[in-house]
Every structure is written in C-alpha cells, then in structure tokens.
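Worksheet: the structure to be examined is printed underneath.
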Amino acid sequence: MTTQTYCTKADIEAIWPPANLLASVDDDTSGTLSATEDGYITRAIERAANAINSRLEMRYQIADIAGNAWCRDANTAIAAYWLSTRRGAAAPAHLQQQYDAYIAALDEIAAGKLKIPQAIESFDVTPGVTNFEIRLDETYRKAQRVDETSV
C-alpha cells in the first residue's frame, strides 16, 4: 500500500532554497542528485505524510483530503524540517517555526479541538446513546437494545 502524500519536491523548494535542499541530501558532494539522494527527499515526504495521516485518519478519510492545500503545506513544512535536520544540524528558524506550528495544529486536530481548513470531516464524531431494556424472562439475552430511543 502506498502512502498518500500531499506535496512534491517543488513544494519544498518553494519554502526552502533549492541549493539548501540539495546540500541537505548531497552526500557525495557532486552538486547533483543521485537516485539514492533523490530518494531521501521522496522518503522524507512519505514520512511526513505518514505522521500527518496518523493524526488525521480518525476524523477524515485520507482520500477525502488528498487535494487539501493545508495538508500540502503541512506535508511540505514537516518534510523540509526533517531534511534540514538530517545531518544533525539545527533547522533554519523559519522551518523550525513552521514545523512547530503544524505539529501543534495536527495534535489539536487529532484531539478534536481544530479542523482541517476547507475540509469536511468524513466521520460523524458526535456522541450517541444506546438505551437498553432488561428482559428477565429471556434466558440468554437479558439486556436488549431499544432502537426507538437509541441514537
């Protein structure tokens, strides 16, 4: 099964200069990306999407939010942050700030305090009530659900 991702390498380059992105993954210092080094970017995007999806899938169908701009921006910011810290250095301030903001928002979305902008929740999360009646004359099913008064 493939991971639903929301951004591309070009999205990362839009918030972080391409030269800095290249420097973060160019292990052989050739100035160009090998297939392995390009894979580091792809993998960072997938890992960031997995972190996003794990927080959102309790309230949203992942397919329903596939084209959401907020999800794209969150995926971009988290992947860029992880790539910038790949070699153990501190992330640039603007990437750190974006990462912290998106992780905090994702935690609040998972907790039900926020919603994804421009997205409709896929699942009904309103509480329900089930009413039972006790039937002492039944041998096995003593408690039975009362459909007329249950929601």
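The values are calculated or read from the model by the stated rules, or taken from the named source; none is laboratory data. All of these numbers come straight from a predicted model, not from anything done at the bench. Cβ coordinates were reconstructed from backbone atoms using ideal geometry, including for glycine residues, and neighbour counts include every protein chain displayed. Note: areas computed on protein heavy atoms with side chains; ligands, DNA, RNA excluded. Shrake-Rupley method; radii C 1.70, N 1.55, O 1.52, S 1.80 Å.
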Return the carbon/sulfur percentage of the accessible area of segment 62-151, one whole number, probe 1.4 Å, all protein chains in place. 53
If I take all pairs of Cα atoms in segment 55-143, what percentage of them are more than 18 Å from each other? 58
Taking N as the number of residues in segment 1-56, the ratio of its alpha carbon radius of gyration to 2.2 N^0.38 Å works out to 1.21
Given the -39500 (n - 2.57) contribution per DSSP H run of 4+ residues, what per-residue ellipticity at 222 nm results for the chain, rounded to the nearest 500 deg cm²/dmol? -15000 deg cm²/dmol
For segment 1-117, report the convex hull volume of the alpha-carbon atoms normalised per residue, in Å³, without decimals. 102
Report the one residue of Thr36, Thr76, Ile65 whose Cα lies farthest in the direction of the positive end of the charge dipole of segment 1-115 (charges on C-beta: Lys and Arg +1, Asp and Glu -1; origin at the Cα centre). Ile65
Do any trypsin sites (Lys or Arg not before Pro) in segment 7-109 lie in a DSSP loop with no more than 14 other beta carbon atoms within 10 Å, and if so, which? Arg86, Arg87
Suppose every Lys and Arg Cβ carries +1 and every Asp and Glu Cβ carries -1, with no other charges. What dipole size does segment 69-142 come out with about its Cα centre, to the nearest 20 debye? 320
Take every Cα pair under 8 Å in the chain that's 6+ residues apart, average their separations, divide by the length, and report that relative contact order as a whole percent. 23
Apply the Karplus parameterisation 6.51 cos²θ - 1.76 cosθ + 1.60, with θ equal to phi minus 60°, to every residue of segment 107-113 and state each ³J(HN,Hα) to the nearest whole Hz, in sequence, with x for glycine and proline. 5, 5, 5, 4, 7, x, 8
Mind listing the phi-derived Karplus ³J(HN,Hα) values for segment 8-20, rounded to whole Hz, using 6.51, -1.76 and 1.60 with θ = phi - 60°, and x for any glycine or proline? 10, 4, 4, 5, 5, 5, 6, 10, 9, x, x, 5, 5
Just to check I understand the Karplus step: with θ = phi - 60° and J = 6.51 cos²θ - 1.76 cosθ + 1.60, what whole-Hz values come out for segment 43-48, glycine and proline as x? 5, 5, 5, 5, 4, 5
